[in-house]
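Q: Handing you a structure now.
The numbers here are math on the coordinates, done by the rules we state, and not lab data. Just so we're clear, the structure is a prediction, and the values are computed from it rather than from any experiment. Neighbour counts are summed over all protein chains in view; Cβ atoms, including those assigned to glycine, are modelled from backbone coordinates with ideal geometry.
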Amino acid sequence: METLRAVARKEDLNPCSPVMDHHQRSNHGNKNIIEHMAYFLRFPFNFDDFCYCSQIVQAESIRTAVEHWRRIKPHCMGTIYWQVNDCWPAASWSSIDYAGRWKALHYAARRFYAPLLASSRLAGDALEVWATSDLPSELNGQWKAEVWTFDGRRAKAFRGAWELKELGSRAVAAIPLPEVFDEGLTKTSAFVTFEIRASARSLVARERRELGVETEKLVSENTRLFAPPKAIDLDAPGVRFRVEDGPDGRPLVCLNAQKPALFVELSTGALRGVLSDNWLHLVPDREVAVEFRGKEPIDAAELRKVLRVRSLYDSYQG
């Protein structure tokens, strides 16, 4: 929104205004955005939420595709999405906008292109958890999956061990859906969070440096929804945050939620910079710390003044 406000008046901030049509260079662009948004999400009430929801659709579409293509290696050994950056302020395919701000897709790409990827697939009557590696070493570790209800209850957990050959991809777990959806749970009342955690001891020091592995662990987290978000009656998540100065002088945003919060976006307004994570899912009583790397030096007090935090629930409200 900050980028669009630089080129459009308040009265022009409508998906079908002449100005926004001019800033949409695809003949079918706005139609496609609206059609796919209506398929996946409840329609937003204002233009700000429209931009927010359109980014969710973009990120989830490409994430779904790339995770599939990575799982089926060696049949597919690489992907390139269109497009990374933009030559002017527009409603486009880019994952970084004209002003250099990261959209939801770019934060999602950091996760779905990570050297170690956890993803999921529905296979018959089971939910498969997959590990996919682009690392030149055999890996092993632990996997964990948790069933959560949208009213904030952790219904159950599953755990196990896994191992993977170098550059490998395979299902490391298959959780029977009847075990996910017992106790009266349904596709619209429950979801699954899962992670794969690998030991990095087998990576030589040079590989650790090149891959940015700063600890002895490689971890990938993901979430499986079983219904389009528009079918889910979300409760107010009660997202809370505080901003503090981190150990390296960069501000840290510490987030937690009373109930599940989907697609939590941190917006820094006119402040330019990149967050260590964004557009993420929160579950109750688990704090997540996100670092803000400003284009210019900034402290916690300055960031706190402009920081805005919202989740998908907020787009449901009139």
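Q: Provide the net charge surrounding ALA8, with neighbours chosen by a C-beta distance below 12 Å and charges set as Lys +1, Arg +1, Asp -1, Glu -1.
A: Around ALA8, the charge tally is -1.
Q: Considering every Cα-Cα pair within segment 81-123, what fraction, in whole percent, is farther apart than 11 Å?
A: Result for the distance tail: 67 percent.
Q: Which FRET efficiency, nearest 0.05, do ARG170 and ARG110 yield, Cβ-Cβ r, R0 25 Å?
A: 0.60
Q: Let me ask something else about it. If Rh is defined by the Kirkwood formula over all Cα pairs and Rg also comes from Cα, what ratio Rg/Rh do you get for the chain?
A: Computed over Cα atoms, the ratio is 0.96.
Q: Can you give me the Cα centroid spacing of segment 259-318 and segment 84-148 in angstrom?
A: Computed from Cα coordinates, the inter-centre distance equals 19 Å.
Q: Mind listing the Cα extents of segment 2-111 along all three principal axes, in Å, largest one first?
A: Rounded to whole Å, the extents work out to 51, 29, 24 Å.
Q: While we're on this one: As a test of the formula, what do you get for the chain when each DSSP H run with n ≥ 4 contributes -39,500 (n - 2.57) and the sum is divided by the residue count, at 222 nm and rounded to the nearest 500 deg cm²/dmol?
A: After summing the helix terms and dividing by the residues of the chain, the value is -6500 deg cm²/dmol.
Q: Just tell me the longest site-free run in the chain, where the sites are GluC sites (Glu not before Pro) in a DSSP loop having at most 16 other beta-carbon atoms within 10 Å.
A: Longest run free of exposed loop sites: 1-137.
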